[in-house]
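The values are calculated or read from the model by the stated rules, or taken from the named source; none is laboratory data. Just so you know, these numbers come straight off a predicted model, no measurement behind them. Here Cβ is always computed from backbone atoms with ideal geometry, including for glycine, and neighbour counts include all displayed protein chains.
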Amino acid sequence: MKNIQLIAAAAILLCSCSATKTIGPVADLNGEWDIVKVDGKAIDTTKTEFRPTLGFETAKNNVFGCAGCNSIMGTARVNKDKQTIDFSEIGSTLMLCANMEYEQQILDALRKVKAYKDGGEGLVDLTNGRGKTVLTLKKQ
């Protein structure tokens, strides 16, 4: 009887361990993220006025952040099941800063975003319609 109980316990333990290794959808996008790469190149924050960020309130379809100088705001419709994003009606303020090296690159990349995927090591990749990563985010 003890052997059957041990075998049953071992089977339950093995099943529960394998279930935690199943890779599902990317973590919830809600909250604030640092933009750490644009078009595969690391962002040097010494060349930005402010840290480039994106924030999501998916229940309200809101996106907000900073492109390095100007504030970003608009609508982001996130489909968690399909891991898609529709940035409709997105815009930014129009300030001029001393250093705007990444500003236009980030705004151009945002216009291309169609989906998102796990970037590994706590990162999320925002991808274009062909699946190419255009922005990489790291949770704050």
Which one of these does Met100 not meet: (1) over 16 Å from Lys37 (Cβ atoms); (2) surrounded by 12 or more Cβ atoms within 10 Å (Cβ to Cβ); (3) out of contact with any Cys (no Cβ under 6 Å at 6 or more places or on another chain)? (3)
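Quick grid of which residues meet (1) more than 18 Å from Tyr116 (Cβ to Cβ); (2) of a type outside the set (A, V, I, L, M); (3) modelled with pLDDT of 90 or more:
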site: Ser16; (1), (2), (3): yes, yes, no
site: Asp34; (1), (2), (3): no, yes, yes
site: Asp44; (1), (2), (3): yes, yes, yes
site: Gly55; (1), (2), (3): no, yes, yes
site: Ile72; (1), (2), (3): no, no, yes
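Please note which strands (runs of 3 or more DSSP E) are completely contained in segment 35-131 and include at least 1 residues that are among the basic types (Lys, Arg) and in contact (Cβ under 8 Å) with a residue 24 or more places away in the chain.
Where strands (runs of 3 or more DSSP E) fall fully within segment 35-131 and carry at least 1 residues being among the basic types (Lys, Arg) and in contact (Cβ under 8 Å) with a residue 24 or more places away in the chain, they are 115-120.
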Considering (1) over 20 Å from Lys138 (Cα atoms); (2) within 17 Å of the chain's Cα centre (by Cα); (3) of a type in the set (Val, Ile, Thr), say which one Thr93 fails and leave the rest. (2)
Considering segment 83-118 alone, what residues qualify as being within 19 Å of Lys41 (Cα to Cα) and hydroxyl-bearing (Ser, Thr, Tyr)? Tyr102, Tyr116
